[in-house]
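Structure first, commentary second.
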Amino acid sequence: RLEFIQAAAQQEKVEKNLYFMGADYLEVDFKTRFDLILSIGVLEWVGAFRTKREPEEIQLAFLTKTKEDLRKGGRLIIGIENRIGLKYLMGARDDHIGISGIALMRKELAKKKYKQATRRELRCLTHTISEYQNMLTHAGYQQIQFFSALPDYKLPQRIFQIHENGCAINNFLLEGGWLNEHDGIDGNPLPNQEDLRSLYLSLAEMNLAHYFAPSFFIEAS
């Protein structure tokens, strides 16, 4: 991955402006503070590399460190899946463990089901909007803004800011907008697009579709 990032930087002719480091972030003591930290497809994985604590505890430690590493007014940007994204509720495989019907559960039951299915510990966790909100608040963040991303945060085509009274994703769906959702493992379009769209429309009519978007961007400061 580091080689890929370096190749991309060379292609964009910005490699001289960048420093490249391969390390465990929790073990790096930065002497400077940052205006911006990007955690794109990272938070869900941090518990997989340390096994002496529960993965959710390691995720909280990770978020707390990002807060400490930011300058006053600095921002953290997270890209991550929604534990209860509608496609997962409708049977799509989880992007990380490749199994359906497990990671969408609350962490206690998800861990139990994964252990029964694989005889391994579930170390990769995603969460809901409220769970991300609580984690970031406990890590010291005060301003937290959510955005729903379609078809997901990895290759976003539409991004909708989530407000207290709703989200424009609901109007997008009600006005006929649609982007095919895909399997997070192999990238193939899911076979049940019509079913997904039907249920999204019902959720949009209740101003709730954003809670079931496949993934989020989160801005915290």
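Quick notes on this structure:
- Heavy-atom accessible area ranking, 1.4 Å probe, most first, across GLU57, GLU44, GLU219: GLU57, GLU219, GLU44
- For the listed peptides 112-119, 77-84, a ranking on the average number of other beta carbons within 10 Å per residue, highest first, reads 77-84, 112-119.
- Mean residue ellipticity at 222 nm, helices only, the chain: -9500 deg cm²/dmol; runs of at least 4 DSSP H residues each add -39,500 (n - 2.57), and the sum is divided by the number of residues.
- Amide H contacts under 5 Å for ASN82, placed H, 5+ residues apart: SER215, PHE216
- Most simply put, the chain has about 75% antiparallel DSSP beta bridges, counting only bridges with both residues inside it.
- Solvent-accessible area, 1.4 Å probe, carbon plus sulfur percent, for the chain: 50
- Pairs with C-alpha atoms separated by more than 19 Å, drawn from the list LYS65/LYS113; LYS31/LYS65; LYS87/LYS154; LYS52/LYS111; LYS65/LYS111; LYS16/LYS65, are LYS65/LYS113; LYS65/LYS111; LYS16/LYS65.
- VAL42-SER202 FRET efficiency (beta carbon distance; Förster radius 30 Å; 0.05 resolution): 0.35
- Note that the chain presents 58 Å² accessible area per residue, ligands and nucleic acids not counted, probe 1.4 Å.
- Remark: relative contact order (the range 133-221) = 42 percent; criterion is Cα-Cα distance under 8 angstrom and separation of 6 or more residues.
- Take the Cα radius of gyration of the chain and divide it by 2.2 N^0.38 Å, N being the number of residues; the result is 1.06.
- Straightening the chain between GLU194 and PHE49 buys 48.3 nm, computed as 0.36 nm per residue apart minus the Cα-Cα spacing.
- For peptides 89-95, 201-207, sequence by mean Cβ density within 10 Å, most packed first: 89-95, 201-207
- Taken as Cα centroids, the range 199-219 and the range 139-174 sit 8 Å apart, rounded to the nearest whole angstrom.
- The overall shape of the range 134-221 is oblate: from the C-alpha gyration tensor, with semi-axes ordered a ≥ b ≥ c, the ratio a/c is 1.5 or greater and a/b is no larger than b/c.
- Between the beta carbons of GLU27 and THR118, assuming R0 = 22 Å, the FRET efficiency works out to 0.20 to the nearest 0.05.
- Our summary gives the range 25-123 a relative contact order of 26 percent, counting only alpha carbon pairs under 8 angstrom and 6 or more residues apart.
- Chain lengthening between GLU175 and THR137 when straightened (0.36 nm per residue, less Cα-Cα): 10.2 nm
The values are calculated or read from the model by the stated rules, or taken from the named source; none is laboratory data. Bear in mind the structure is a predicted one, so any value in this text is a computation, not a measurement. Glycine also receives a Cβ, built like all others from the backbone with ideal geometry; neighbour counts cover every protein chain displayed. We work out accessible area using only protein heavy atoms, side chains counted, and drop any ligands, DNA or RNA first. Shrake-Rupley method; radii C 1.70, N 1.55, O 1.52, S 1.80 Å.
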